[in-house]
Structures are given as structure tokens and as C-alpha cells.
């Protein structure tokens, strides 16, 4: 890069938006993004993540709250004066303009002369390894190439914030990983504060420095990928990110952050409690399949094998517990991991206390 | 109209003999009622005398060397251009509004746009006479408000005629435009804005070039319809302004000079074809997005 612009921070301060129909799109969202960070907005469709992106870009004026980029409240600025770069899900390249003109479009809008423009476009196209494609039209490029053009076009304006709207959804799986690495590399090079909107948890966890999980317009949790995965704060986060077995139980005893729960499936379990619970509260216990193991002793709870699923690198067994609930347990497939037959009685227990999480009902 | 615009945008798929067979009934109708009379017209036009006995190019030479005839052709082609321009300037915002509206407003707009098509040309034209006449609505309103002393002369003027024709032909412009603008990815204008372009820049650099197929289709239809609109031209234009359809009618019906009328028809036909060809050439260029900068 010729010059790395000062990475700007982004603050969403109590953002609330209601559509004209009255439905609440996002409610009281607070996000504090440091300069240069990659943040993923993760949630199922309809959770408000795209609305949030459009609010930051200025396409939607939020009902309440402020958007602060760097030190400036940008709420009064129209989209064309926010210097927010966007890569759209369908890339939205201008079909009638050449690749080079697409990349130079933002500079042309800023009154940069033609020679400088094409030089800069060339530099950015070289950066995304499409230096030879400047004269082509967008439709002559593959999906992955179009995406790199879209990224180059967004970066050409030296945006203070880069927004990526489901950037990899339209790519096939093999290409997706390549592009994720590529985007991360380019983001590091440019040092631009970046927000990725996605419904794909793997994408969010692998690309982002921090992940904001949204559900029904609410911010469920904002933290690093390991915090999100290992210390989910809500039942939604626990079940939406990764997979989780949900077991019903009753709190038997509490002790500074950890609780002992009696499971309806039988047996007792020590679990982490992100929200305070009291003895004899009904709770839901979440246990990730990879945090469970078959045990020979009397710990954990009993059940019998329902089904064995060999999924390549892992083996998943479905276990029917005594109360009828279905529990999945996944193991790394080392040489000779046996597939257990249906009907075999087994006992399973968490690998360590505190890997389970309880949430009040 | 819509399908014509769309069909040209999609690649011409494999036309099998079976699908060509589907066009046969219409093809026969065309051959009998269109191609044959046209051939007869051509045959007639190639005679030098009114009785159509002496072969020759006399009628064509007469037209092309007669300043009066050429002036009629010129003013007809000019009228078409003016009406087309008026329709484009007034119709584009309507089509734009349509694509930016909710479904209820869209229905209303389509109703209003299509309304002229649901009334007879004669009725519509007389409505314009009522509006534009010396004692018409506009004049009486302006006079009663004291804005003008004597009535404005609007009917039987070029301006009045353009207004009437533009209203009558408006659907032919608006419908292809609605289709073309609807095909443009709404993200493109957002992308343009996020890259720093103001609304005018977005319009001229993105929306206008990309709606070119609709503009071309609309202009072709409007132009062809405007220059051949015999009834509106005659009634709103009156006797002072002479255009090709009326000129043709006079020669054939009043003066019984069939060979000359036939020659006028053929010349007019080729003039219109030339204009349409020009439009479709522009259309091909627009679709290639070659030079749309």
C-alpha cells in the first residue's frame, strides 16, 4: 500500500430502528469497534444484521441512536459522503463499465483525473491479482473474480469502514475458503476497519476478530470467536453457534459461577452459569457434542445408542437418554474408532466440569 | 411491447421448425393482407400516369424534386422527433417513480398510463380540442383568472399537436421504460452512492446508460406511432399543418392520383424504416454497453 490511512473506529450507540410498518428491525444495539478490527455480524436471516449494515452505510436513517465513525457522528451525512465502502452480496458491479472503470468509479466521483484514476485502478487490480483484466466487462469474469473487483472498487475510495454483505454466500465451498483468506489478507494490508454481515458461523468465527451475534434485532453477545463458542452468554448463542445438546434439569446447588444440575435424563452435571440461577430452578443445560465422551465409570448419565453417523473426520453417535431426549456425541475419528451398534447401553459424561452451560428456562 | 423489449435482450434460442410452425397462421395473414397490398402499392408507384399504364420512376422524381413534398416529409419526421422527445422527458420520471413505489401506487400509475389506450383515439383527440380550443378549458380558466386578455392560440399549432400526440403515445414510451428500469439491480445505485457519487452522477453514469434498451424501444414505438397518427394530426393540427399521412390521403382520396400516393407511401415507409433502423443500431450499441461512459 502506498499509504495506510489511519484506521477509524466505529461506534453504534443505542441504535434502534423501526420500519414504517411499525415492526422493530433492530433494538438498542451497542457496538464498539476498534480501528482496524474485523467484526462479524452473525445471525439468522431476519435478525436485523442487514438493516444494521444499511444504517451504517447511510441507506437507512435509524429511528434512534447514533453512528459514530472515528470522532464524527455521521447520522446527518448521506451515503455518498460517509466514505463507507461496501461489497454487496451480488457484488453490484456496474455491468456497462469495464473492470478498470468500475474500480476507478469512486475516484471519478471525487474528481480525480483520468490518468491518476487508471493508475490507481491498476494498482488495486494488481493487489487483487486481476491486473490483466482491467479492460474486460464484469460479466466476462467468474464469481470469485467479480468479488475481488468489488473489493478493489470498495477499497479504492480508501474507506474509513469496509462493509461486506454476505460476501461469500454466492461462491461455491472450495472457492469460499480461498476468498476468505484473500479478503483477510487484503484487509490486513489495507488496515481498514471491517464489518462482515453473515449467517455462516464458520465464516464469522474464522474471519472475525470479534463476533456480534444478533437475534430478532437484539444483540445477544459481542465477543471474540472463542468467547462466543466457549462461553456463550445466551441459549440462542449456544445453540446457533456450533451445535449443542439441550437437556432439561433442575439446579441442585450453586457455587460462585458454577452450578450442579440434576438432569431429567438421570445423573448430575457440573455446569457454568452465565446468568445467576438458584437452587431448585428449572434450567436448560447445553452440552456440545464434542465435549462429551463415553465413560466406563458411574459419572454422567446413561442411555443407549440410537444411530451412528460416520461423518469423515468425525464420528457422531446419537444417544437416546432415559427420558427420551436425544443427545449427540462427536469424536475425532482416529484409526479404529469403533462405530457402536444401535441399542448398545452406554454412559456419557462431559470431558471436564464447566464445559456445560446452564440457562434459566 | 414489453415482450418485444425482453425478447431482444435474451439470446435468440434455438428456433426449431416446430416453433416456426406456430408463427404460420399469423404469417399467412401477414402475407395476404400486408405483403400483397404492399407489393401492389409498389407496383402502382412505378407508373408515371394516374391511370397506371406507363411504367417509370416519374412519381418518385416528382416527390424528391418537389420542395413542397420534401417539406411535408421533413416536418413529419420533425414532428415525430418532437413528440418522442416530449414522451421521453415526461415518461422517464413516471417510469422511475413506478419502480420506486409501493404496489398500490404502482397499480394506480399503470392505470393512469394505460388509460389513453382504453379510450378511442377520436374521443381522446376531441378531448384535446376541448382543452386547447379558443373557448377551451385552458383559455377560459386563464381568462377568468385575468391572466390573459385574448384567448391563446393553442389548437392548430405545432405545440398543441405535440402535447396531444405525446399524451396519446405515452404508454408506448412508459411501458418499455418501466421494464428496462425494473431490470436494473437496485444495489447499483446504492453502490454508486457508497462510492461517493451524488444522485445526478448516479443517474447519468449508471441508471441512464442501463435503461438505454428501454429508451430505444420506447422511442422507436413512440416515433413510429406519432408520425403515422392520422386522426390526431388532422384534427388537432387542422388544415394549416400538413403531414405525410394527410398528404397521402389527399392524393389518393381527393385527387385520385393513386400512383403518386403510392410513391409517397413507399418513400414514407422507407423514411420510417431508416429511422427505426437507426434506433435499433443505437440499441445494439447500448446493449453492448460498449461506449456508455
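Here, each number is a calculation from the coordinates, and none is a lab measurement. Since we're looking at a predicted model, the values are computed, not measured. Cβ coordinates were reconstructed from backbone atoms using ideal geometry, including for glycine residues, and neighbour counts include every protein chain displayed.
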Report task. In vacuum, with every alpha carbon of the stretch A:245-360 counted as one equal point scatterer, what does the Debye formula give for log10 I(q)/I(0) at q = 0.11, 0.12, 0.17, 0.22 Å⁻¹? Two decimals, please. Result -> -0.35, -0.41, -0.77, -1.16
**Report entry** Calculated FRET value between residue B:33 and residue A:119, using beta carbons and R₀ = 60 Å, to 0.05
**Finding:** 0.45
Report summary line: From fewest to most C-beta neighbours within 10 Å, the residues A:341, B:82 line up as A:341, B:82
Query raised in the report: So what is the relative contact order for chain B, in percent, with contacts set as C-alpha pairs under 8 Å and at least six apart?
Result: 28
Query raised in the report: Which value in deg cm²/dmol, rounded to the nearest 500, describes the helix-derived mean residue ellipticity at 222 nm for chain A, given -39,500 (n - 2.57) per DSSP H run of n ≥ 4 and division by the residue count?
Result: -7000 deg cm²/dmol
Report task. Divide the volume of the convex hull of the Cα atoms of the stretch A:1-159 by its number of residues and quote the answer in cubic angstrom per residue. Result -> 136
Query raised in the report: Normalised by the number of residues in the stretch A:86-178, what is the relative contact order in percent for Cα pairs under 8 Å and 6+ residues apart?
Result: 45
Report summary line: Cα gyration tensor of the stretch B:55-287 diagonalised, 5x eigenvalues square-rooted, in angstrom largest first, produces semi-axes 36, 26, 15
Query - Relative contact order, percent, the stretch A:245-360 [alpha-carbon distance under 8 Å, six or more residues apart] - result: 32
Report task. Would you mind giving the mean number of other chain beta-carbons within 10 Å of the Cβ of each residue in A:75-87, as a whole number? Result -> 4
Report task. Would you tell me the mean number of C-beta atoms belonging to other protein chains that fall within 10 Å of each C-beta in A:149-161, as a whole number? Result -> 1
Query - Rounded if a/c under 1.5, otherwise prolate or oblate - the stretch B:81-191, Cα gyration tensor axes - result: prolate
Report task. Quick one: grab the alpha carbon gyration tensor of chain A, order the square roots of its eigenvalues as a ≥ b ≥ c, and give me rounded if a/c is under 1.5, else prolate or oblate depending on whether a/b is larger than b/c. Result -> prolate
Query raised in the report: Got a sec? How would A:117, A:176, A:185, A:278 order by Cβ neighbour count within 10 Å, fewest to most?
Result: A:278, A:185, A:176, A:117
Report task. For every helix of n ≥ 4 consecutive DSSP H residues, a contribution of -39,500 (n - 2.57) applies; sum these over chain B, divide by its total residues, and give [θ] at 222 nm rounded to the nearest 500 deg cm²/dmol. Result -> -22000 deg cm²/dmol
Query raised in the report: For the residues A:19, A:59, what sequence is obtained by ranking on other C-beta atoms within 10 Å, fewest first?
Result: A:19, A:59
Query raised in the report: What ranking, highest mean first, results for peptides B:161-174, B:232-245, B:33-46 when packing means the other Cβ atoms within 10 Å averaged over each residue?
Result: B:161-174, B:232-245, B:33-46
Query - Mean Cβ neighbour count within 10 Å, used as a protection proxy, ranking B:184-191, B:60-67 highest first - result: B:184-191, B:60-67
**Report entry** Radius, Kirkwood style, for the protein assembly as shown when every pair of distinct Cα atoms is counted (Å)
**Finding:** 31.1
